[in-house]
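Report on the structure given below.
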Amino acid sequence: MSLLVVGSVAFDSVKTPFGEAEEVLGGSATYFSTAASYFTDVSLVAVVGEDFPEKHITFLKSRKIDTEGIERQKGKTFRWKGEYGFELNEARTLDTQLNVFQSFKPKLPEKYRNIKVVFLANIDPDLQRDVLRQVDSPDVVACDTMNFWIEGKKDSLLETLKLVDILLINDGEARELSGEPNLVKAAEIIKSYGPKTLIIKRGEYGALMFKDRKIFAAPAYPLEAVFDPTGAGDCFAGGFMGYLANTMNFEESNIRKAIIFGSVMASYNVESFSLDRIKSLDYRELESRYREFKGLTHFEDLS
Ligand code: AMP
């Protein structure tokens, strides 16, 4: 099954304690669609400026991502600049330049309109709804966001959340969005905004799923070397949604598997800057790390 994503395609400048990268390929939709492309067909909606090199589009196409929904407009591509301290869990945003995203009015190619699984990656919540309005009748809508929009466009974000089935955010964002420091209470508040399923990503501490009254906890893969966490959340979402779109099974047991595939993609992504590591993975590498996750948390029942 196909998966539709709208989000940012960007140039990122990132500094970590282990090095820095200037104006490398990034953006929520770029990471998401690359990760998801290991599981399903992906159709991408975004905007880039005149300065965006064709080689990046060629790369996305090489991952069999449909790029017909990427518009090229006059002006500069979206830019994000961030840095991480030694704990590597949360980026400090130094600069956000919306550029061509400021005047972007997404227009979906006709063939995207009947796609059944939609992911609204981190982008202006107005644009997220613009895209949803153009999709005929999606089976599942999932969404991501960040503090930039929680602080800057909360009312619009709450409108978007009314239309969303699955929300994926990190722990800091969950606390900020709900105004509640305790994550279990925060999850209940956020679910009352619309999404029936909430996934809270906790960086190196893994991820939590809240669905109905149930909670599932997945660890993060214990890596020896984390190089650059940029895009980990988007890769998590890409593996998660890609697996769900591939199987079209949204039952809790399958959502648990999707969370592990999300964690697998995120763990590979943080091993290098930009998309360097996830550009060319082998599906067998994904399966083998999936099995390692199983081993990590397996324990015998009480007799
Ligand atoms: P993540 O590390 O998964 O949370 O996402 C990092 C990506 O989000 C980077 O590649 C940025 O280009 C992108 N990004 C940062 N700020 C924004 C924003 N305000 N809107 C959309 N995308 C953003």
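Taken together, the values in this text are just the output of simple stated rules run on the coordinates, not laboratory data. The structure presented is a predicted model; accordingly, all values stated were derived computationally and were not measured. Quick reminder, even Gly has a Cβ in these numbers, built from the backbone with ideal geometry, and neighbours come from all protein chains shown.
Over the C-alpha trace of the chain, radius of gyration and Dmax come out as 17.9, 67 angstrom. Provide, in order from the shortest bin, the percent of all Cα-Cα pairs of the range 169-303 in each 5 Å bin, continuing until the bin that contains the maximum pair distance. Per 5 Å bin, starting at zero, the Cα-Cα P(r) for the range 169-303 comes out as 2, 10, 19, 22, 20, 14, 9, 4, 0, 0 percent.
By the count of neighbouring beta-carbon atoms within 10 Å, fewest first, 280, 274 end up ordered 280, 274.
Taking square-rooted eigenvalues a ≥ b ≥ c of the alpha carbon gyration tensor, is the range 70-120 rounded, prolate or oblate, where a/c under 1.5 means rounded and, failing that, a/b exceeding b/c means prolate? It is oblate, given that a/c is not under 1.5 and a/b is not larger than b/c. Count Lys and Arg as plus one, Asp and Glu as minus one, and take only other residues whose Cβ is under 12 Å from that of residue 128; the net charge is then -1. Given +1 at the Cβ of Lys and Arg, -1 at the Cβ of Asp and Glu and no other charges, the dipole of the range 2-296 around its Cα centre is 700 debye to the nearest 20.
Applying both filters, DSSP loop and at most 10 other Cβ atoms within 10 Å, to the chymotrypsin sites (Phe, Trp or Tyr not before Pro) of the range 273-303 gives 299.
Over all directions, the projected convex hull of the C-alpha atoms in the range 50-207 averages 10.6 nm² in area. The value of relative contact order for the range 199-278, using C-alpha pairs under 8 Å at least six residues apart, is 31 percent.
For the range 43-103, the Kirkwood estimate of hydrodynamic radius, built from reciprocal distances between every pair of different alpha carbons, is 13.3 Å.
How big is the Rg/Rh ratio for the range 97-179, C-alpha atoms only, Rh by Kirkwood, two decimals? Ratio of gyration radius to Kirkwood radius for the range 97-179: 0.97. Here the scattering of the range 245-287 is modelled by Debye summation over its C-alpha atoms, one equal scatterer each and no solvent; at q = 0.13, 0.25 Å⁻¹ the log10 of I(q)/I(0) is -0.34, -0.89. Compute a Gaussian network model of the chain, connecting alpha carbons closer than 10 Å, and tell me which residue from 224, 110, 71 fluctuates the most. Maximum fluctuation in the GNM of the chain, among the listed residues, is at 224. Phi-derived couplings, Karplus 6.51 cos²θ - 1.76 cosθ + 1.60 at θ = phi - 60°, listed residue by residue for the range 30-45: 5, 4, 4, 5, 5, 5, 5, 5, 6, 10, 7, 6, 10, 10, 10, 10 Hz, with x used for Gly and Pro. Summing charges over all other residues whose Cβ lies under 13 Å from the Cβ of residue 37, with Lys and Arg as +1 and Asp and Glu as -1, gives +1. Legend: ranking of residues 146, 265 from fewest to most surrounding C-beta atoms inside 10 Å; resulting order 146, 265. The helix-only estimate of mean residue ellipticity at 222 nm for the chain, built from DSSP H runs of length n ≥ 4 each weighted as -39500 (n - 2.57), is -10500 deg cm²/dmol after division by the residue total.
Specify the inter-centroid distance of the range 6-64 and the range 265-303, based on alpha-carbon positions, in whole Å. Their Cα centres are 21 Å away from one another.
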